[in-house]
Amino acid sequence: MLKTVDVGLMANHLAAHKGIIKKLEFYAASTQNKQLSMLIEQQAGLMKNHVTTMNNLLNPNQMSQATLPPIPKAQGQNHANMSGSTSIGLKDPDIAMDAHFTATAMANDNFTSAMNMKDPQVKKIHIEMALQQSHIAEQLEMMGNQNGWMSHPSATSMEQTNAQQPMGDSTHNMNTNKGQIPVYNNQQNDKQQSQNFPH
């Protein structure tokens, strides 16, 4: 039988998945960009697979046979050629950003949960779920960059060099102080000396 922590984490995941899947299906049917629609359709499809897999893991009679299917292929059936914005006022860049955030958040949540899970099979499957969500997030980010919806400024050479400097200073200080008694080593001596003073 599963540990209580494993059951609790999966129960929380199942409760969250229902609303997220509906949101993604709405996005897939509302976006004007067919590539974006198909990516989000894949995202919703893999989350449906995750729901099925978690229910199998929670079923004592099916747990041993539970496996995670690969990321499903998108059929493009949810795509609607609309005017470029949804009925709630979201345009394709907004949808892409939110879908990317959702995939990234779910990847982090699955991986963090896996680190706290006790059953080896449950842990392994949740790491696989995290990798699937991470793959979707990478694909959405790539498409967002290609369309100019997402941008990450590149650091300059000086910024990269400055980022290395703290470690260099630490190493220098360690070498400079080599042979000296650290302050914390004297704390015990100070305590002993204070005990020798009359009260």
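All of the numbers you see were taken from the coordinates with simple rules; none came from a lab. Quick caveat: nothing in here was measured; it's all calculated off a predicted structure. Here Cβ is always computed from backbone atoms with ideal geometry, including for glycine, and neighbour counts include all displayed protein chains.
What nm distance separates the two modelled labels at Ala29 and Asn49, each placed 7 Å from Cα along Cα→Cβ?
Rounded to a tenth, the inter-label distance reads 2.3 nm.
Quick one: go through segment 19-45 and flag any residue whose amide nitrogen is under 16 Å from the point 7 Å out along the Cα-to-Cβ line of Asp94.
The answer is 23-24, 26-33.
In a shell of Cβ-Cβ distance under 11 Å around Asn33, excluding Asn33 itself, what net charge do Lys and Arg (+1) and Asp and Glu (-1) give?
+1
Under a Cβ-only charge scheme (Lys and Arg +1, Asp and Glu -1), can you give me the dipole magnitude of segment 1-78 about the Cα centre, in debye to the nearest 20?
The dipole magnitude comes to about 100 debye.
Students often check this: by mean Cβ neighbours within 10 Å, which of 150-158, 113-121, 21-29 ranks highest, and how do the rest follow?
Ranking the peptides 150-158, 113-121, 21-29 by packing returns 21-29, 113-121, 150-158.
In nm, give the distance between the simple-model label positions of Lys3 and Ala105, each being 7 Å from the Cα along the Cα-to-Cβ direction.
2.7 nm
About the Cα centre, and with charges only on the beta carbon of Lys, Arg (+1) and Asp, Glu (-1), how big is the dipole of segment 4-146? Nearest 20 debye, please.
Dipole size: approximately 260 debye.
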